[in-house]
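Scroll down for the structure; my scribbles are underneath it.
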2 protein chains.
Amino acid sequence: MSLLVIGTLALDTIETPYGKEEYTLGGSATFISTSASYLTKDIRLVGIVGHDFPQKELDFFKSRGIDTSGLEIMKDQKTFHWHGVYHTDMNQRDTITTDLNALAYLNPVLSDKFRQTEYVCLGNIDPVIQEKVIKQIDKPKLIMIDTMNFWIEGNRPALDKVLKLVDIIMVNDSEARLITGENNLFTAAKKIMEYGPKILIIKKGEHGAMLFNENHVFIIPAFPLEKVFDPTGAGDSFAGGFMGWIDRTKDLSFENLKLAIVFGTVMASLSVEKFSLEGLRNLENDTIMKRFKEFKSITNFKDISL
Amino acid sequence: MSLLVIGTLALDTIETPYGKEEYTLGGSATFISTSASYLTKDIRLVGIVGHDFPQKELDFFKSRGIDTSGLEIMKDQKTFHWHGVYHTDMNQRDTITTDLNALAYLNPVLSDKFRQTEYVCLGNIDPVIQEKVIKQIDKPKLIMIDTMNFWIEGNRPALDKVLKLVDIIMVNDSEARLITGENNLFTAAKKIMEYGPKILIIKKGEHGAMLFNENHVFIIPAFPLEKVFDPTGAGDSFAGGFMGWIDRTKDLSFENLKLAIVFGTVMASLSVEKFSLEGLRNLENDTIMKRFKEFKSITNFKDISL
């Protein structure tokens, strides 16, 4: 097994109704790789940081078995910094500042080892860079990308090129509508799969997620939580749980893809219960499996006949 | 088994993006009793109509095994008439007219037979009348009520009295927030169960439904449909499927309540695929079971261990 993760590494300042943290570890690649590390091994992290990126966080990645040799450290730049404030309704947030810093120079050249990766998870970054990374992988078994409205509206031609090269795309409901112009999510889903990806995940925030392939659909709620402390990284923790399970099992049957988005949901729910990455710092198998079983009892029901 | 259903019987004028029907059979009691009739027998319908209520619809109820002896027919009044127009986004609708007509005189006096009913489903009507009906039932095993924002805001004291007398309440998400002042639905759910009902259903429209008792939660999506022809009666078809299953099985374990809201979902999905009551006019067991199995594959997943 091997899973390559590329995306952002950030030092975030986050304010939620429950508190504030400054310059705390964040970024899509951080959440994806950490989340996946609870399900699979041999994770390869690709990204860029500045001179201020804490050594203890590099050590943390290593402690999770994550290969950080693809992490470029720029001596003359700071790390990407995002400052966001969540409203009482945590579906709403304002961005105070986005300092790209080192991220502006991201242009990964993969090592020979990294080129031989089976599974690839491309976090939400410029589709031009997503394409460059894809072309460096030798014979990937499966590529998943995340994207967002910024790229859908800002560089659609580049995104369209990437869509033809990937197997799975993950978007949220408003992005699915934006990318297709369709209001009904089932109609939108069919259209997105015509653009290239054979598998589609639509995230619906508090309403859960949907998984599609050509012939099947699977729909799950979010894990019910009375308090969400910090939604930052929820989608990336979801992607990490999903790809971690895929890489662990190497089984692309729809029944197994179902389990992958269940693990995505489980990891996302553990992530948002604490600030920034804290919810994913130090998990036991038992904690993950307890939540899996709880989720199964919340969503599954008996078979009967009339 | 026996199930008493009280609510409205209407002749509706409905416009959706797919067409218009005038003076077509509608009303909460109509959808609840018809939906339940596919799952259980001995359904007792209580309501009021005018002289213009078609004999063929009375015959239809009888053909479904529904006892219409509790249906009052007013010779000098017309039947309740509602005229609604759905937008392209069918979650939005405008009411053009609401002519109460005979409904203004609803004040049911139950026959001796009807007083001996085990299960009771009180459709969305004035809580004062809901209470009057409850007090006429001898020893009900279980009472479920539906209500709406109109009564929550318009006669809260009467609603609060009813809540102390019932076992299950069904509301939608905005009503759950309105009735408790809580934004988080899980917090709202706990509060509603403190008002009286031990079991709560929160409907979330296209996002499905949630079932709660003191210790458990169960969450399901709506059945995925590309086209909804007419959402009228969806919630009542849901209630009918739910109570029909309860009356059929007489099992109040949480595992069986799960199945009840699954049948609610199944019946609602069959209802909205056609105009007014047409989707529920003539169903086969096989059609219902096919949809049940499809829904199971859309929502259930395998067990595993890490």
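What residues have an amide H closer than 5 Å to that of A:GLY208, excluding those fewer than 5 places away on the same chain, when H is modeled at 1.01 Å from N in the peptide plane?
A:ALA222
What is the spread of the Cα atoms of segment B:158-209 along each of their three principal axes, largest first, in whole Å?
30, 18, 17
Return the distance in nm (one decimal) between the two label points of a simple spin-label model at B:GLN116 and A:LYS302, each offset 7 Å from Cα along Cα→Cβ.
Result for the modelled spin labels: 3.0 nm.
Where in chain B are the DSSP H helices whose alpha-carbon span along the long axis reaches 24 Å or more and whose Kyte-Doolittle mean is at least -0.5?
B:254-271
Once you've got the GNM for chain B with C-alpha springs shorter than 10 Å, pick whichever of B:PRO197, B:PRO224, B:PRO108 has the biggest mean-square fluctuation.
Result for chain B, Cα springs under 10 Å: B:PRO224 fluctuates most.
Looking at segment A:187-269, which chymotrypsin sites (Phe, Trp or Tyr not before Pro) are DSSP coil and have at most 16 other C-beta atoms within 10 Å of their C-beta?
The qualifying sites are A:TYR195.
Arrange the following residues from fewest to most other Cβ atoms within 10 Å of their Cβ: B:ASP230, B:ASP126, A:ASP12.
B:ASP126, A:ASP12, B:ASP230
Over the Cα atoms of segment B:200-262, what radius of gyration and what Dmax do you get, in Å?
12.2, 37
Expressed as cubic angstrom per residue, what is the convex hull volume of the alpha carbon set of chain B?
Given the Cα convex hull of chain B, per-residue volume reads 136 Å³.
Quick one: check the C-alpha center-to-center distance for segment A:47-94 versus segment A:135-185, whole angstrom.
Centre-to-centre (Cα) distance: 24 Å.
For A:GLN92, place a label point 7 Å from Cα along the Cα-to-Cβ direction in every copy; what are the distances to the other copies, in nm, shortest first?
In nanometres, ordered from closest: 1.9.
May I ask you to sort A:LYS290, B:LYS139, A:LYS41 by Cβ crowding, counting other Cβ atoms within 10 Å and putting the fewest first?
Taking fewest neighbouring Cβ atoms as first place, the list is B:LYS139, A:LYS290, A:LYS41.
In whole Å, what are the Cα extents of segment B:1-120 along the three principal axes, biggest one first?
45, 35, 23
With no solvent and one equal point scatterer per Cα, compute the Debye intensity ratio I(q)/I(0) for the protein assembly as shown at 0.07, 0.10 Å⁻¹ and report its log10, rounded to two decimals.
-0.49, -0.88
Could you work out how far apart the two model spin labels at A:LYS198 and A:LYS290 are, taking each label as a point 7 Å from the Cα in the direction of the beta carbon, and quote it in nm?
3.9 nm
Please identify the GluC sites (Glu not before Pro) of segment B:186-246 that satisfy two criteria: DSSP loop assignment and at most 13 other Cβ atoms within 10 Å. Which are they?
Sparse-neighbourhood loop GluC sites (Glu not before Pro): B:GLU214, B:GLU226.
Just A:PHE275, A:PHE223, A:PHE60 to compare: in a GNM of chain A, with alpha carbon springs under 10 Å, which one fluctuates most?
Most flexible of the set in this elastic network: A:PHE60.
Using a Gaussian network model of chain B with C-alpha springs under 10 Å, which one of B:THR30, B:THR180, B:THR287 is most mobile by mean-square fluctuation?
Fluctuation is largest for B:THR287.
Extending each Cα 7 Å along its Cβ direction at A:ARG281 and B:ARG281, get the distance between those two points in nm, one decimal.
The answer from the label model is 6.5 nm.
Looking at segment A:227-306, which GluC sites (Glu not before Pro) are DSSP coil and have at most 12 other C-beta atoms within 10 Å of their C-beta?
Hits after loop and neighbour filter: A:GLU284.
Values in this text are rule-based calculations from the coordinates and carry no lab data. The model shown is predicted, which means the values in this text are computed figures rather than measured ones. Neighbour counts run over all protein chains shown; Cβ positions are idealised from the backbone, glycine included.
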